[in-house]
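Here's the structure we're looking at; comments come further down.
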Amino acid sequence: MIIDGKQAAADLRKTLTLQVAQLKKDKGTVPGLTVVLVGEDPASEVYVRNKIKQTRDVGMISNEIKLPHDTSQIQLLAELQQLNSDDAVHGILVQLPLPNHIDESVIIAAIAPHKDVDGFHAMNSGRLLNGEPGALVPCTPQGCIILAKQHLGEDLSGLHAVVIGRSNIVGKPVALLLLQENCTVTIAHSRTKNLAGICQQADILIAAVGRANFVQASWVKPGATVIDVGINHIENESGKAKLVGDVDFANVAPVCGAITPVPGGVGPMTIACLLKNTLIAASTNG
Ligand code: NAD
């Protein structure tokens with residue numbers, strides 16, 4: 001089975017559209033998301049454009065603040081301070097990566113935790129770690145769980161989940177979410193020994209590595225659910241640019257029980273979950 005992330009994201013947006021309308025009716029609040037983009041990175045510009053369009057499509061307000069590449073850290077912090085105190089702004093997203101002269105961790109720490117719709121602030125990751133309510137949870141990991149449940153159903157209890165990757169934005173938070181779902185969780189990474197042997201034990205295998213076609217068919221337990229987070233740009237045989245995941249899709253698909261494609265898997269869910277977080281932020285603090 002191929003897990004259709006585009007369809008799952010469209011379904012989630014449909015639900016969110018109704019919930020946004022309900023919130024407006026009940027409280028007069030229209031959720032507002034502000035995206036801050038520093039510099040002219042073309043890939044970031046495309047991501048930001050998509051985020052803004054989809055935010056508006058579900059009935060929320062979306063604004064973009066575009067700052068030049070040479071914006072100083074102090075200027076960016078001042079901008080964030082203003083957004084933190086603006087009641088019409090429920091969600092703030094600073095598009096990463098930032099130019100090298102700006103310290104990302106300082107910027108993330110400066111976003112008010114209740115407006116941190118990326119879920120990267122230490123307050124939100126701490127709440128997720130402790131299993132406390134009220135955390136804004138990172139979007140891509142949320143998307144991974146929703147997609148795994150598309151195939152496995154709501155109850156993931158007792159399943160062995162192997163996550164390859166330990167980044168703060170994907171690997172660690174998705175491992176914590178799987179733990180909350182009562183999975184037995186293994187986190188593998190660049191120093192892991194016998195990676196293939198560990199992956200072979202996985203009922204749910206999540207690849208968040210950033211290496212094209214890295215996960216081999218021989219690593220996958222027959223029937224496993226495979227969630228491919230990777231986004232890798234490669235050239236195909238005729239020299240054309242192509243987007244592939246971290247999993248060798250063509251060879252893994254016949255072995256596993258279900259798999260997310262790239263593109264059209266986790267990617268679309270990430271933005272849909274960003275909208276979900278914005279709605280949560282507006283409902284809680286609107
Ligand atoms: P990262 O570079 O921060 O982390 C990569 C992880 O892979 C590291 O923890 C590292 O230990 C592990 N790793 C590297 N080489 C390995 C090896 N040989 N064996 C085992 N583990 C190894 O990357 P990230 O930000 O977590 O992103 C991972 C991938 O997911 C990238 O391709 C990124 O573009 C993609 N991504 C996709 C979305 C989406 O919306 N679909 C969102 C975020 C990231």
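Any read-out appearing in this document is the output of simple, stated calculations on the displayed coordinates, not a laboratory observation. Because the structure is a prediction, the values reported are computed rather than measured. Glycine gets a Cβ as well: all are built from the backbone with ideal geometry, and neighbour counts include every protein chain shown.
As an exercise, identify the GluC sites (Glu not before Pro) in segment 1-107 lying in DSSP coil whose Cβ has no more than 16 other Cβ atoms within 10 Å.
When the GluC sites (Glu not before Pro) of segment 1-107 are filtered for loop state and at most 16 Cβ neighbours within 10 Å, 40 remain.
If each residue of separation counts as 0.36 nm, what is the full-extension length gain between residue 65 and residue 155 once their alpha-carbon separation is subtracted?
In short, 28.3 nm is gained.
Could you name the aspartates and glutamates whose alpha carbon sits less than 19 Å from that of residue 149, not counting residues in the same chain fewer than 8 places away?
Candidates past the 8-residue exclusion: 4, 11, 181, 203, 228.
Hydropathy at least -1.0 by Kyte-Doolittle, axial extent at least 24 angstrom from the Cα trace: which helices of the chain, defined as entire DSSP H runs, fit?
What comes out of the filter, once short or polar helices are dropped, is 5-27, 266-285.
Given contacts defined as C-alpha pairs under 8 Å and at least six residues apart, what's the relative contact order of segment 63-194, whole-number percent?
17 percent
Alpha carbon centre of segment 102-150 versus segment 240-286: separation in Å?
About 17 Å separates the Cα centre of segment 102-150 from the one of segment 240-286.
With +1 on the Cβ of every Lys and Arg and -1 on the Cβ of every Asp and Glu, and nothing else charged, how large is the dipole of segment 135-286 about its Cα centre, in debye rounded to the nearest 20? Write down the numbers at each step before the final one.
Numbers: 10 positive and 9 negative charges, 71 e Å.
Taking the Cα centre of segment 135-286 as origin, the dipole is about 340 debye.
Could you put 164, 92, 102 in order, starting from the residue whose Cβ has the fewest other Cβ atoms within 10 Å?
102, 92, 164
Once you've got the Cα coordinates, tell me which of 193/276; 193/240; 221/276; 25/51 are over 30 Å apart. It would help to have the intermediate numbers written out before the result.
On the way: 193/276 37 Å; 193/240 35 Å; 221/276 33 Å; 25/51 24 Å.
Pairs exceeding 30 Å: 193/276; 193/240; 221/276.
Give the separation of the Cα centroids, segment 156-230 to segment 25-86, in Å.
Value for the Cα centre distance between the two parts: 32 Å.
I need the trypsin sites (Lys or Arg not before Pro) found in segment 201-286, filtered to DSSP loop residues with at most 16 other beta carbons within 10 Å of theirs.
Passing sites in segment 201-286 are 211, 240.
Given a cut-off of under 8 Å on Cα pairs at least six residues apart, what relative contact order in percent is computed for segment 88-146?
27 percent
Applying 1/(1 + (r/R0)^6) with R0 = 30 Å to the Cβ-Cβ distance of residue 45 and residue 72, what FRET efficiency is obtained, to the nearest 0.05?
Details: r = 21 Å, r/R0 = 0.70.
Once the sixth-power term is evaluated, E becomes 0.90.
Can you return the aspartates and glutamates within cross-link range of residue 14? Criterion is Cα-Cα under 14 Å, with same-chain partners fewer than 8 residues away left out.
Once the sequence-local aspartates and glutamates are set aside, what remains near residue 14 is 57.
Taking Cα pairs under 8 Å and at least six residues apart, what relative contact order does the chain come out at, in percent? Spell out each step's value before the answer.
Working: 577 pairs, mean separation 62.6, N = 286.
Relative contact order comes out at 22 percent.
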